[in-house]
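The values are calculated or read from the model by the stated rules, or taken from the named source; none is laboratory data. Quick caveat: nothing in here was measured; it's all calculated off a predicted structure. Heads up, the Cβs are rebuilt from the backbone with ideal geometry, glycines too, and the neighbour counts pull from every protein chain shown.
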Amino acid sequence: MVAYENHCAGCDILGMSCIGASCVNRRVPVFYCDRVGCPAHTEGAERLFIVAGMHLCLDCLMDISERNGIDPEDLIESEVEV
Ligand SMILES: [Zn+2]
Ligand SMILES: [Zn+2]
């Protein structure tokens with residue numbers, strides 16, 4: 001899944017109050033793998049791929065590809081773009 005999280009800290013560090021809704025750090029996309037037990041499920045992934053309707057990180061994509069003997073390219077429905 002893709003969660004939008006408030007990562008604004010920079011405004012405070014710079015001694016300014018947050019500029020508000022237009023602050024880009026207020027809505028930072030964070031990619032989480034949908035596969036329970038995967039580290040990226042709780043810590044976030046760099047990229048997410050849509051496989052069988054699930055959002056999977058690259059590690060899970062490669063794992064599933066290997067286990068099933070299917071080319072990763074054939075598993076990917078699309079990549080999540082933000
Ligand atoms: Zn801010
Ligand atoms: Zn994963």
(request) Can you tell me which residue within the stretch 17-70, out of those that are hydrophobic (A, V, I, L, M, F, W, C) and within 16 Å of ligand 1 (Cβ to nearest atom), is farthest from ASN6 (Cα to Cα)? (result) ILE19
(message) Only one of VAL51, VAL36, VAL24 is at pLDDT 90 or above and loosely packed, with under 11 Cβ neighbours inside 10 Å. Can you tell me which?
(response) VAL36
(request) Filter the stretch 54-82 for residues that are within 14 Å of the chain's Cα centre (by Cα), in contact (Cβ under 8 Å) with a residue 12 or more places away in the chain and loosely packed, with under 14 Cβ neighbours inside 10 Å and give the result. (result) SER78, GLU79, VAL82
(message) So, in the stretch 53-81, exactly how many residues are within 15 Å of ligand 2 (Cβ to nearest atom) and part of a helix (DSSP H, G or I)?
(response) 12
(message) What's the total number of residues in the stretch 4-52 that are touching a residue at least 40 places away in the same chain (Cβ under 8 Å) and within 16 Å of ligand 2 (Cβ to nearest atom)?
(response) 2
